[in-house]
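Right, one structure below, let's go through it.
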Amino acid sequence: MTPGRPVPPPLALHIPPADDAEQDLASERAGEGLLAAARGAVSSTSGLVPLTVARRAPKADDVEIAVEFCGLCHSDVHATRGEWGTQNYPLVPGHEIVGRVSRVGADVDDFAPGDLVGVGCIVDSCRECESCLDGFEQYCEQGMTGTYGAKDRRNGDAITQGGYASSVVVDRRYVLHVPETLDPAAAAPLLCAGITTFSPLRHFGVEEGDVVGVVGLGGLGHMAVKLAKAMGAKVKVFTTSESKVSAALELGADAVVLSRDEEAMTAENRSIDIIIDTVAAPHDLNPYFRTLRRDGALFQLGLPSEAMPPVNPGSLIRRRLSYAGSLIGGIAETQEMLDFCAEHGVVSDIELVGAEELNEAYDRMVAGDVKYRFVLDTTTLQAPSERADA
Ligand SMILES: [Zn+2]
Ligand SMILES: [Zn+2]
């Protein structure tokens, strides 16, 4: 046991027989929720501060997880700083969660205490609409329930609190099995950055011999390079910065194109099957359409806050191109991605940080100063206080 780490609760399924009084106490505790140590924001300008979150006692279908690692996603920065509109504070971010099961509800038979598991961006959805029934919960017509900052309709409209915490409780339908062969810290970013890039590559049916273009080499871009290479594709990275050329080649890219070099862009004319565009700042897509072959597609994953330069329909029409978007991935697809990563030895490149370094890590993320994902080590969280803040 690491000093400072909250003591896990007794496991519901493994309560040793004791005398009556002890047994009563144990079964009483088994039905209680935990107070989790956490880091989160209390206002848009507070930065991340120590908080204590009340987790519900596992209901029949719930899995309680002792969180070990949680990746830091750009969405976390935008959300905690209120850059995406009004937020409910306090807000504990984090949707790249890896940990071990500590307790399970009575009806859970696909997870057991001790299992290595993950939770991504989704903790609930309507389970009835066409998208949910097709396994694309991220496109739920009632709106998916996000892992943090969302109204949890099946749990009294409580606001969900994310994975920068010592524990989390999630319905089994939204919990993933993380293969034991994956490094748990480096696997955490697969739950958002990994699936966000895997899903469009799979949807497009990328296979051996295809040429994949990746625009931007951050958290998403570096996963796109690794996953496309593992699928057998040839990968070309587009970047505006000369300093990223060697980094892209190190990750396995076959070629790097400086997108500001018009001649280099022209030389790529009709050479690519699918482009994964991870850039969230407004940028002109027309030069990229010219690099696509007939029937090619450009998937935009980054959501710019300002308008983009207009797309020229002529460039789409003349080559039967598709201009598409894509949002994370469904639960079944996320499991497929984790199994694929285990099979091909794919994980994120990470820099592990402690709770005290989170605010600095956020500033470095905004400055683009990370290779390629920060991951919080939850053993560095303070002990929870006796009263919950959220
Ligand atoms: Zn994310
Ligand atoms: Zn639905």
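The values are calculated or read from the model by the stated rules, or taken from the named source; none is laboratory data. This is a predicted model, so every value here is computed, not measured. FYI the Cβ positions are ideal-geometry reconstructions off the backbone, even for glycines, and counts take in every protein chain you see.
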Handout entry: Selection count, segment 181-192, where residues are under 30 Å from residue 356 (Cβ atoms) and surrounded by fewer than 24 Cβ atoms within 10 Å (Cβ to Cβ)
Key = 5
Practice task
May I ask you to say which residue of 131, 102 is modelled with pLDDT of 95 or more, away from ligand 1 (no atom under 12 Å from the Cβ), surrounded by 19 or more Cβ atoms within 10 Å (Cβ to Cβ) and of a type in the set (S, T, N, Q)?
Solution key: 102
Handout entry: Matching residues, segment 223-279, being over 22 Å from the mean Cα position of the chain (by Cα) and touching a residue at least 60 places away in the same chain (Cβ under 8 Å)
Key = 247, 271, 272, 273, 274
Completion exercise
Selection from segment 69-88 of residues farther than 12 Å from residue 48 by Cβ, surrounded by fewer than 24 Cβ atoms within 10 Å (Cβ to Cβ) and either within 16 Å of ligand 2 (Cβ to nearest atom) or not charged (D, E, K, R) (or both) yields 74, 75, 78, 82, 84, 85, 86, 87, 88
Exercise for the section: Find the residue count for segment 202-222, including only residues that are surrounded by 24 or more Cβ atoms within 10 Å (Cβ to Cβ) and either under 19 Å from residue 324 (Cα atoms) or of a type in the set (Gly, Ala, Ser) (or both). Expected result: 8
Exercise for the section: Please work out which one of (1) more than 16 Å from ligand 1 (Cβ to nearest atom); (2) β-branched (Val, Ile, Thr); (3) more than 25 Å from residue 385 (Cα to Cα) is the condition residue 65 fails and give its number. Expected result: (3)
Exercise for the section: Could you grab the pairs with beta carbons closer than 7 Å, sequence gap of 6+ or different chains, first residue in segment 146-160 and at positive phi and touching a residue at least 12 places away in the same chain (Cβ under 8 Å), second one outside any strand (DSSP E or B) and buried (at least 17 other Cβ atoms within 10 Å of the Cβ)? Expected result: 149/79; 149/87; 149/160
Practice task
Give the number of residues within segment 192-222 that are more than 16 Å from ligand 1 (Cβ to nearest atom) and of a type in the set (Val, Ile, Thr).
Solution key: 5
Practice task
Answer yes or no: is there a residue in segment 155-164 that is modelled with pLDDT of 95 or more, in contact with a helix residue (DSSP H, G or I) (Cβ under 8 Å, 6 or more places away or on another chain) and charged (D, E, K, R).
Solution key: no
Problem - Tally of residues being closer than 30 Å to residue 182 by Cα and of a type in the set (D, E, K, R) across segment 290-349 - result: 5
Exercise for the section: Mind listing whichever residues of segment 130-144 are outside any loop (DSSP other than H, G, I, E, B) and either more than 10 Å from ligand 2 (Cβ to nearest atom) or within 17 Å of residue 325 (Cα to Cα) (or both)? Expected result: 131, 137, 138, 139
Practice task
Determine which member of the set 162, 213, 209, 194 is assigned to a strand (DSSP E or B) and away from ligand 2 (no atom under 16 Å from the Cβ).
Solution key: 213
Problem - Residue among 325, 302, 354, 314 that is of a type in the set (Gly, Ala, Ser) and closer than 25 Å to residue 65 by Cβ - result: 354
Practice task
Can you confirm whether segment 345-364 contains a residue that is modelled with pLDDT of 95 or more and on the phi > 0 side of the Ramachandran plot?
Solution key: yes
Completion exercise
Residue set 309, 313, 282, 287; condition within 27 Å of the chain's Cα centre (by Cα), over 19 Å from residue 222 (Cβ atoms) and not aliphatic (A, V, I, L, M); output residue 282
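Results for (1) crowded, with 22+ Cβ neighbours inside 10 Å; (2) closer than 28 Å to residue 379 by Cβ, shown as yes or no for each residue.
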{"site": "141", "(1), (2)": "no, no"}
{"site": "146", "(1), (2)": "no, yes"}
{"site": "150", "(1), (2)": "no, yes"}
{"site": "153", "(1), (2)": "no, no"}
{"site": "158", "(1), (2)": "no, yes"}
{"site": "162", "(1), (2)": "yes, yes"}
{"site": "166", "(1), (2)": "yes, yes"}
{"site": "173", "(1), (2)": "no, no"}
{"site": "178", "(1), (2)": "yes, yes"}
Exercise for the section: With a cut-off of at least 2 residues that are out of contact with any Gly (no Cβ under 9 Å at 6 or more places or on another chain), name the strands (runs of 3 or more DSSP E) lying wholly within segment 239-308. Expected result: 255-258, 292-300
